[in-house]
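K.L.:
Take a look at the following structure, please.
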Amino acid sequence: MKDFDVPFEFDIPEEKRLEVIDENGDTQLFEIVLTFHSDELNKSYVVYKEPGDSDEVFAASFNEEEKDGGQLSAIETDEEFDMIEEVLNTFLEDDGHPHD
């Protein structure tokens, strides 16, 4: 993994780091909120956010079997969005964090 100059207050443990290469070829660092697998859809998902106290989260599917998860894929259906939102809300409730 590449080292990033991340401000101390945004120091992210390595196992929670997600490096995303944008359309310009630049690498951006994000913090993994959670990962999970849906047996129903037979896909693995990652929910991530910008480092710090950002409440905005992003989600994508990925291939668990590829080295480092391979490429992220966009969420394709409303069914996936709804399922991810439900899993995230449950995670936040179980983790003791309120949500809307």
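K.L.:
Taking the Cα centre of segment 15-94 as origin, sum charge times position over the Cβ atoms of Lys and Arg (+1) and Asp and Glu (-1), and report the length of that vector in debye to the nearest 20.
P.N.:
Details: 5 positive and 25 negative charges, 72 e Å.
In total the dipole reaches around 340 debye.
K.L.:
Give the long-range amide H neighbours of Ala60: residues separated by 5 or more places, or on another chain, with amide H under 5 Å away, using H modelled in the peptide plane at 1.01 Å from N.
P.N.:
Result for Ala60 returns Val46.
K.L.:
Among Lys67, Lys43, which comes first, second and so on when ranked by fewest other beta-carbon atoms within 10 Å?
P.N.:
Ascending number of Cβ neighbours within 10 Å: Lys67, Lys43.
K.L.:
Same structure, new question: Please work out, to two decimal places, the log10 of the ratio I(q)/I(0) at q = 0.13 Å⁻¹ from a Debye calculation in which every Cα of segment 15-94 carries one identical scatterer.
P.N.:
-0.40
K.L.:
Calculate the spin-label point distance for Glu40 paired with Gln28, positioning each point 7 Å from the Cα along the beta-carbon direction, and give it in nanometres.
P.N.:
Taking the two extended label points, one gets 2.9 nm.
Bear in mind these aren't lab numbers, they're just calculated from the coordinates by the rules spelled out. Just so it is clear, the model here is predicted, and its values are computed rather than measured. So basically every Cβ, Gly included, is an ideal-geometry build from the backbone, and we count neighbours across all protein chains shown.
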